[in-house]
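To start, the structure under review is shown below, and the notes come after it.
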Amino acid sequence: PDSDDEDESEFDQCYETQTVVLSLRSIQIRQYAFHPYNANRVWPGVFNLSDYLFKPETEEHENPRTLGHVMELGTATGILAIRMMLGLGEICESIVTSDVVDDGEVEENVRYNFELNGFVSTENGKPNETELTNDADHTTTDKLPKRMPIHIPHTWGTGWDQSTQNKLPEGMRFDTILASDILLYVSAYGALVQTLLELMNPDCFHTQAENDK
């Protein structure tokens, strides 16, 4: 029959959930068969970066424990952000994730993986005041639900301000940008540099001089 008369079959995505050990913590992660920007898998570089960040401090290794507010570019499955959120306060104060703009598949999978590991979603990344305190003494408690971070869909080189409009708390700036295994094609270098320059704008990024005050 003529191919124009045939119904186009949709790609049947295949999912697999595994337990991945990252810096001594077991994390449940759902990966899937295909994504045009390779955001569907846990890639090897994340293990090296996580081990470096969480490695105990010794005379030979100075642990970077002042990451502050973190932006992770190319979060993919969200595994590094999950590991950092499980140890929130250990090496960072907060984390925001970001990956390519697509049909929502990456963001949905990141949210799914956070939920797999006991996190709950929150509007605009902000828990309600009643969720930050207990009724007895208005102090924080470990029994409160773990809040998943804000996720920013952003394709490099397309304008960071447009991507973050109404999605980040007013005045929020980052201290550290993290990324691993995010570059496969030389053609993407220029767009990545453009996004990094936008992120390092004083409106988005704390300078070293400010951090030293």
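The values are calculated or read from the model by the stated rules, or taken from the named source; none is laboratory data. None of the values given here were measured: they were computed from a predicted structure. Cβ sites come from the backbone with ideal geometry, for glycine too, and all protein chains shown count toward neighbours. We work out accessible area using only protein heavy atoms, side chains counted, and drop any ligands, DNA or RNA first. Shrake-Rupley method; radii C 1.70, N 1.55, O 1.52, S 1.80 Å.
For the reader, a short list of remarks on this structure follows.
- Long-range HN-HN contacts of Val101 with modeled amide H, under 5 Å: His154, Thr155
- Coupling constants for segment 169-186 follow from the phi torsions by the Karplus curve (6.51 cos²θ - 1.76 cosθ + 1.60, θ = phi - 60°), and in residue order they are x, 4, x, 5, 10, 9, 9, 9, 10, 10, 6, 8, 6, 9, 10, 10, 10, 4 Hz; glycine and proline get x.
- Calculated SAXS-style log₁₀ I(q)/I(0) at q = 0.21 Å⁻¹ - segment 21-96, Debye, Cα scatterers: -0.98
- In a fully extended conformation the segment linking Leu196 and Asp161 would gain 11.4 nm over its present Cα-Cα distance, using 0.36 nm per residue.
- Separation of the Glu10 and Glu90 label points, Cα + 7 Å toward Cβ, nm: 3.9
- Per-pair calculated FRET efficiency, R0 = 45 Å: Lys55 and Glu170 via Cβ, rounded to 0.05: 0.80
- Solvent-accessible surface of protein heavy atoms, probed at 1.4 angstrom with all chains present, puts Phe34, Phe11, Phe119 in the order Phe11, Phe34, Phe119, largest first.
- Sulfur and carbon atoms: percent of accessible area, segment 76-122 [1.4 Å]: 45
- By average C-beta atoms within 10 angstrom, highest first, the peptides 51-58, 103-110, 78-85: 78-85, 103-110, 51-58
- Extending 7 Å from Cα along the Cβ direction at Glu105 and again at Gln28 yields two label points whose distance is 2.3 nm.
- Taken along the Cα-to-beta-carbon direction at a fixed 7 Å, the label points for Gln18 and Ser187 span 2.9 nm.
- ³J(HN,Hα) computed for each position of segment 43-59 - Karplus, 6.51 cos²θ - 1.76 cosθ + 1.60, integer Hz, glycine/proline x: 9, x, x, 5, 5, 5, 5, 5, 4, 5, 5, 9, 5, x, 6, 9, 5
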